[in-house]
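K.L.:
Got a structure for you, written out below as structure tokens; questions coming shortly.
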Amino acid sequence: MADGPRKLPDWFPNVNALWGAVLAETFYRAGLRYAVISPGSRSTPLTCALATHPGIKSMAVLDERSSAFLALGIAKRTGQPALLLCTSGTAGAHYYPAIIEARESNVPMLVITADRPPEMRNCASGQTIDQLKLFGGYPVFQAELAVPETTPSLLRYLRQTLLHAYAKTLGPIAGPVHLNAPFRDPLAPDKVGEGIALDLATLFEVEMSAPANPEARPLGVIHWPAPLASFLDQHGSRNGILIVGPQTIRDEECFLRNLGILADLMQAPLLADGLGPVRSCIDEKLHPITAYDLILRNDTLAERLRPDYVVQIGPLPTSVALRKKLAEWQLPTALVSPQGENLDPVHARTTPIAWDMASHMAAIPTHALTDDAYVRDWEGVEARAAALLTDALSTRSGADGIFEGSIIRHLAETLPQNAVMFIANSMPVRDTEYLWPRTHRGHRIYYNRGANGIDGTISTALGLACTGDTVWLVTGDLAFLHDTNGLLAHRQVCGRLRVLLINNSGGGIFGHLPIARHETVFEEYFATPQTISFADLARAHGCDHFRVTSLDAAKAAITSAIASEDSSKLQIIEIITNRSADSEWRRTTFRKLAAELV
């Protein structure tokens, strides 16, 4: 892709071609570098403009649902939106799950649905539905563009509207933006009359008010937000805990620095979800509690460690044990999020506080609010819990088959510095929370925890790989099968994807629910095992496939994949596990270990 100034065209075959050129160039100057395009007729003017723009990498993806999650992955990795483009009709409806995820997890996304002009709607013309507000209230901004014209005023309107739309994807609350773009014929770049002679450069002589990359903003020092300072003045002399859940973080360095300052000020244990950056961060001054789920399963120990107040940063971690205790305790809680959103599913005594911890450095307090006896008590229990988990994993690993959680632990200990991972929903997310240790390896872990669905797993991971990284995806078999069309795009991605496919023949997470006791319906309607040959599926898509049935073989395959950076773009390591045995081991072992903590 070419960056920097370039000579703009001054002749266009028709008005639609002109309109498309203005759109592509405006978005490029605003910061757009990726476009994900699904085939279709009505979107032809924009497809041609984006595909031929030298500064935009365009990718053709057949399945609109897959393309939307691919764009989501690109935005997660780059911090900037990728453009999604599709034709008219039901094509755009397939974007809906990814748009919901983008809104719920505050990820920028730029969606354009091509459409027929107004006179061709509501008259039984083909491939036409009502596309206005197609995605309900999920976009942070939505508008219908005008039908293309060549007048200078309409071209200025187009430029201004596009810049506004791009800026809205980034904030103040990042999320999806939907533009509906009607076009009359001709759609192809065919010459109409003499064509259109226009000095496009004059349209861009004005100062472009393109939004700055959030990660590149200068950081100033600010005082603590007044509501947080007031909350800590009221409660901070007692024992508090600091909870950090999974969330979209624009600047991890700034976020982690502020988190360290807050933890030191509070002299509080830091309960950090495994999906976030805390457990893997290189800064050794942070000492997160990683085994809080196991610790809080012991009621006696939980009561001994019960805090007097909570400071919660972002959403709560997944842990049911943690949520159960917070619901029981009903503690004064300061809930810090960029916009002061309601992120409290346990309905505690919550004070919402609007503060983006990743945008400004906080001033360093002069003294701690309390002594460190309470945090040392937590850290002592954490050390015992971590040791018990390690011993239990070692024992289980030598037994029959592979315990799924052993794969997560092995990755934490062996993946190279700054490795990029995507953790699929259901059991991989929970195993990461339960078993991901403190590593100091700087691993970057991504996930779709906005709506917590399994859709788009492969496509999101491939989107992360679009910038050239090697991405490690940990997924169950059902999440993988739900997005097999995502495999179609792997050849267009410049990075590599390594899939650790945990095949337990069904939905392992359902084995932990009460419905698992009802055998007459459980297996067919909840576990839903599928009889698919993943080897054949991989072969059909030109992917490497390896099948392993022992932990030693799985470790060897992972080691080989780490070393084989020059191998195929997509490798699938299918790891066979026993769903019933794993569910039973988790139930009995975690209960036993929790009891041994006292």
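The values are calculated or read from the model by the stated rules, or taken from the named source; none is laboratory data. The shown structure was predicted, so the numbers you read here are calculated from the model rather than taken from an experiment. Please note: Cβ atoms are built from the backbone with ideal geometry, for glycine as well, and neighbour counts cover all protein chains shown. We work out accessible area using only protein heavy atoms, side chains counted, and drop any ligands, DNA or RNA first. Shrake-Rupley method; radii C 1.70, N 1.55, O 1.52, S 1.80 Å.
K.L.:
When you scan the range 573-591, how many residues do you find that are crowded, with 17+ Cβ neighbours inside 10 Å and charged (D, E, K, R)?
P.N.:
Counting residues in the range 573-591 that are crowded, with 17+ Cβ neighbours inside 10 Å and charged (D, E, K, R) gives 4.
K.L.:
Could you list all residues from the range 1-53 that are part of a helix (DSSP H, G or I), open to solvent by 20 Å² or more (accessible area, probe 1.4 Å) and of a type in the set (Ser, Thr, Tyr)?
P.N.:
Matches in the range 1-53: 44, 47, 52.
K.L.:
Out of all the residues in the range 120-133, which are more than 17 Å from residue 43 (Cα to Cα) and either among the β-branched types (Val, Ile, Thr) or at pLDDT 85 or above (or both)?
P.N.:
Within the range 120-133, just 133 meets the criteria.
K.L.:
Specify which of the listed residues (561, 516) is under 18 Å from residue 582 (Cα atoms), open to solvent by less than 80 Å² (accessible area, probe 1.4 Å) and touching a residue at least 40 places away in the same chain (Cβ under 8 Å).
P.N.:
516
K.L.:
With respect to residue 321, is the statement that it is in contact with a Lys or Arg (Cβ under 6 Å, 6 or more places away or on another chain), without any contact (Cβ under 8 Å) to a residue 40 or more places away in the chain and either within 22 Å of residue 265 (Cβ to Cβ) or part of a helix (DSSP H, G or I) (or both) true?
P.N.:
yes
K.L.:
Are there any pairs, at least 6 apart or on different chains, whose C-beta atoms fall under 7 Å, with the first in the range 88-115 and among the acidic types (Asp, Glu) and the second open to solvent by 40 Å² or more (accessible area, probe 1.4 Å), and if so, which?
P.N.:
101/451; 104/451
K.L.:
Under the condition of being aromatic (Phe, Trp, Tyr) and surrounded by 16 or more Cβ atoms within 10 Å (Cβ to Cβ), which residue from the range 148-207 is farthest from residue 34 (Cα to Cα)?
P.N.:
It comes out as 183.
K.L.:
In this structure, is residue 313 out of contact with any strand residue (DSSP E or B) (no Cβ under 7 Å at 6 or more places or on another chain), within 23 Å of residue 229 (Cβ to Cβ) and either touching a residue at least 60 places away in the same chain (Cβ under 8 Å) or buried (at least 18 other Cβ atoms within 10 Å of the Cβ) (or both)?
P.N.:
So residue 313 fails the test.
K.L.:
For the range 549-565, indicate whether the set of residues that are in contact with a strand residue (DSSP E or B) (Cβ under 9 Å, 6 or more places away or on another chain), under 24 Å from residue 486 (Cα atoms) and polar (S, T, N, Q) is non-empty.
P.N.:
Yes - at least one qualifying residue is present in the range 549-565.
K.L.:
Among all residue pairs at least 6 apart or on different chains, which show Cβ distances below 6 Å where the first residue, located in the range 162-186, is touching a residue at least 12 places away in the same chain (Cβ under 8 Å) and more than 19 Å from residue 24 (Cα to Cα) and the second is part of a helix (DSSP H, G or I) and open to solvent by less than 10 Å² (accessible area, probe 1.4 Å)?
P.N.:
What qualifies is 175/102.
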